[in-house]
Amino acid sequence: MAVKSLDDVLRELRRRPDVEAPNLQAWDATDRLLLETAAERIQPGSSLTVIGDRYGALTLGALAMLSPGTVRVHQDLITGEQALRLNAAEVLGGDAAEAGFSQFSLGPELLDGADTVLLQLPKTLAELDQVAEAVARHARPDVVLLAGGRVKHMSLGMNAVLERHFSSVAPQLARQKSRVIVAAGPHGTGGPKRFPVVEHLAEIDLDVAAHGAVFAGPRLDIGTRFLLTFLPAMRSAQHAVDLGCGTGILAAMYARQHPGATVTATDQSAAAVASAQATAAANGLAGQVRVLQDDAMATLADGSADLILLNPPFHVGAGVHAGAGLKLIEAAGRVLAPGGELWTVFNRHLAYLPALERHVGPTAVKGQNPKFTVTRSTRRPPL
């Protein structure tokens with residue numbers, strides 16, 4: 001295996017298969033600060049768990065400079081998992097096993113026996129709560145959690161969440177606009193797990209389940225609410241797809257309206273897929289709705305869906321970027337059968353109409369409100 005410095009590792013990291021652009025980077029100053037803080041605190045041969053590594057900076061950086069005994073990794077996004085493996089091959093010249101790390105879901109296998117956890121602080125307090133609970137429940141009693149983030153995205157609420165699960169929570173001095181919080185003394189949660197949270201949404205008469213990392217939690221986001229008003233106008237499909245499903249509200253509501261349809265709820269987020277699965281089960285739809293963690297329907301066959309419902313993201317990480325939505329629109333054009341329909345809701349300021357016309361087919365604006373546009377695109381037959 002290649003032996004490289006941290007600077008070499010960071011210099012060679014890429015984001016693929018996620019969106020790549022000149023203003024999007026595969027690592028940030030928090031990755032470096034977490035690794036430097038870990039180097040001051042942990043001993044070679046330690047059992048290290050890495051959570052929230054976006055593209056491999058923490059994992060491959062730890063292998064380059066910390067000499068850990070074991071490295072176990074959890075990334076919520078399938079694109080992050082794939083990027084880590086691709087970067088391991090490119091930067092270190094080997095697969096995951098050769099590089100020295102293993103990938104796990106958030107749970108006992110990831111954390112059992114871990115004495116140090118490196119965490120890129122997540123965007124939401126709910127996700128931090130679920131991660132901290134898992135660390136406190138499953139890691140060693142003397143585990144040290146090093147949680148880092150960009151100062152502009154951190155809040156005192158993060159300290160309060162960590163204090164719920166650890167007896168010692170100590171924010172460190174900021175460096176390069178990043179900060180690390182050191183948490184120790186886990187309470188060792190012995191009670192029932194708090195996630196997924198399940199709430200009944202009376203306005204649509206649906207029980208919604210949400211793991212911590214899923215967008216909007218157990219609530220109905222305003223884009224989905226607007227798209228649902230067009231549900232009666234949507235065609236009856238043999239196979240419908242809720243693309244970027246989140247908690248699976250669109251999948252569940254379409255399945256309920258069309259009991260003869262098979263519905264696939266798919267998302268790149270493990271938390272979203274687990275949430276959608278729990279939502280389907282909570283509403284008696286588990287036999288009709290199947291869930292799939294995938295990157296832009298990469299494993300679905302060309303022309304295999306009659307209908308796709310899409311409420312695309314307009315953020316990539318912490319930045320506003322249309323690339324993620326455009327990638328999903330292009331994927332929809334591939335997976336839709338000729339004559340199939342894509343119903344999309346998006347913020348009015350986003351110029352998605354040309355992409356919908358180009359990648360899918362004739363597109364009609366079916367409705368607008370002050371914030372959103374809803375369109376129906378019909379897949380044109382192949383030339």
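The values are calculated or read from the model by the stated rules, or taken from the named source; none is laboratory data. These numbers come from a predicted model, not from an experiment. All accessible areas refer to the heavy atoms of the entire protein, side chains included, with ligands and DNA or RNA removed. Shrake-Rupley method; radii C 1.70, N 1.55, O 1.52, S 1.80 Å.
The table below lists the values:
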quantity: GNM top mover of Gly340, Gly246, Gly188 - the chain, alpha-carbon springs below 10 Å; calculated: Gly188
quantity: Normalised convex hull volume, the range 252-352, alpha-carbon set, Å³ per residue; calculated: 113
quantity: Rounded tilt (10° steps) of 323-335 against the dominant C-alpha axis of the chain; calculated: 50
quantity: Accessible-area composition of the range 184-281, carbon plus sulfur, in percent [1.4 Å probe]; calculated: 54
quantity: Cα centroid separation - the range 1-31 against the range 271-290, whole Å; calculated: 35
quantity: Nearest-10 value in Å² for the accessible area of Asp302, using the 1.4 Å probe; calculated: 110
quantity: Anisotropy class of the range 158-236 from Cα gyration tensor, a/c 1.5 cut; calculated: oblate
quantity: Rounded tilt (10° steps) of 78-87 against the dominant C-alpha axis of the chain; calculated: 50
quantity: Fluctuation leader among Ala301, Ala96, Ala139 - the chain, Gaussian network, Cα springs under 10 angstrom; calculated: Ala301
quantity: Solvent-accessible heavy-atom area per residue, rounded to whole Å², over the chain at 1.4 Å; calculated: 42
quantity: Exposure rank, largest accessible area first [Lys371, Lys327; 1.4 Å]; calculated: Lys371, Lys327
quantity: Normalised contact order of the range 48-97, rounded percent, pairs of Cα under 8 Å and 6 or more residues apart; calculated: 40
quantity: Rounded to the nearest 10 Å², the accessible area of Thr116 at probe 1.4 Å; calculated: 10
quantity: Heavy-atom accessible area ranking, 1.4 Å probe, most first, across Val360, Val151; calculated: Val151, Val360
quantity: Kirkwood Rh and Cα Rg combined as Rg over Rh, evaluated for the chain; calculated: 0.99
quantity: Structure-based [θ]222 nm, the chain - -39500 (n - 2.57) summed over DSSP H runs of at least 4, per residue, nearest 500; calculated: -9000 deg cm²/dmol
quantity: Mean-position separation - Cα centroids, the range 59-127 and the range 137-212, in angstrom; calculated: 19
